[in-house]
1. Looking at the stretch 151-160, can you tell me whether even one residue there is closer than 15 Å to residue 247 by Cα and in contact with a helix residue (DSSP H, G or I) (Cβ under 9 Å, 6 or more places away or on another chain)?
2. Could you please let me know if residue 109 is free of Cβ contacts under 8 Å to residues at least 12 places away in the same chain and either out of contact with any helix residue (DSSP H, G or I) (no Cβ under 8 Å at 6 or more places or on another chain) or farther than 16 Å from residue 67 by Cβ (or both)?
3. Which count do you get for residues in the stretch 26-72 that are under 22 Å from residue 142 (Cβ atoms), at pLDDT below 95, surrounded by fewer than 20 Cβ atoms within 10 Å (Cβ to Cβ) and in contact with a helix residue (DSSP H, G or I) (Cβ under 6 Å, 6 or more places away or on another chain)?
4. May I ask you to verify whether residue 121 is closer than 30 Å to residue 47 by Cβ, in a helix (DSSP H, G or I) and in contact (Cβ under 8 Å) with a residue 40 or more places away in the chain?
5. Confirm whether residue 244 is out of contact with any helix residue (DSSP H, G or I) (no Cβ under 8 Å at 6 or more places or on another chain) and more than 28 Å from residue 155 (Cβ to Cβ).
6. If a residue has to be in a helix (DSSP H, G or I) and surrounded by 14 or more Cβ atoms within 10 Å (Cβ to Cβ) to count, how many in the stretch 234-264 make the cut?
7. From the list 220, 186, 213, 195, which one is in contact (Cβ under 8 Å) with a residue 40 or more places away in the chain, more than 17 Å from the chain's Cα centre (by Cα) and in a loop (DSSP other than H, G, I, E, B)?
8. Counting only residues that are free of Cβ contacts under 8 Å to residues at least 40 places away in the same chain and under 18 Å from the mean Cα position of the chain (by Cα), how many does the stretch 155-164 have?
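The values are calculated or read from the model by the stated rules, or taken from the named source; none is laboratory data. Only a predicted model underlies this, so the values are computations on that prediction, with no experimental measurement involved. In this analysis, Cβ positions are derived from the backbone assuming ideal geometry, glycine residues included, and neighbour counts consider all displayed protein chains.
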């Protein structure tokens with residue numbers, strides 16, 4: 001999951017290979033699809049949940065991150081308590097995101113993820129800590145958001161998920177954010193042993209965005225429909241059950257400098273001005 005802006009990023013369950021458009025104003029209409037909104041844990045988050053409750057079924061709380069050595073997690077933000085309470089009071093579920101995002105890098109850290117996934121001792125320590133946080137804070141589950149992985153990290157990621165499933169009560173769900181690729185081989189190269197992970201992952205959140213973005217491309221769609229369809233086809237071809245696939249949709253925007261790969265991110269509201 002891209003480090004979120006302080007707004008909702010909507011995720012809808014994939015019902016078929018085709019793509020249906022989602023409303024960008026979920027509070028104005030209910031939904032028959034399970035929809036997850038992601039939020040940073042800050043003072044404004046609780047009111048955002050209240051305004052959007054009619055259009056979502058789950059809140060993804062961002063969250064905790066791995067420390068630099070890959071053997072510990074940061075503390076759950078204080079604002080998470082109110083977010084969980086607000087979600088539950090409105091009949092919504094709340095899951096805790098855990099990631100390898102590095103503030104110093106401003107991106108997801110391959111090295112930090114590697115220190116976790118290649119060490120049996122580190123995996124055990126982080127699983128224990130994560131299970132404790134989920135139970136203590138009454139989260140309904142956890143989302144594993146480890147990105148920028150290598151193929152060699154695959155066995156460690158599979159082992160980590162297996163240990164986490166064993167540590168959590170059966171009623172606590174485990175989901176996983178997955179970086180998009182157009183081919184099954186691309187997922188393997190990115191460290192996802194999907195055939196093995198499907199045994200213990202309840203939902204895969206396919207991040208169908210950042211097709212284009214400042215820093216790696218010139219101006220273009222964040223997730224153009226033809227590209228998203230190719231990504232979905234590649235994911236399904238990797239033998240992931242359709243019932244376990246959620247489609248991640250970007251709720252943010254980019255702006256580029258003219259004829260350049262340089263630019264910045266912004267909210268959708270700002271982009272529309």
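1. no
2. So residue 109 fails the test.
3. Looking only at that region, the number is 1.
4. Against the criterion (closer than 30 Å to residue 47 by Cβ, in a helix (DSSP H, G or I) and in contact (Cβ under 8 Å) with a residue 40 or more places away in the chain), residue 121 does not qualify.
5. no
6. 4
7. 213
8. Within the stretch 155-164, residues that are free of Cβ contacts under 8 Å to residues at least 40 places away in the same chain and under 18 Å from the mean Cα position of the chain (by Cα) number 2.
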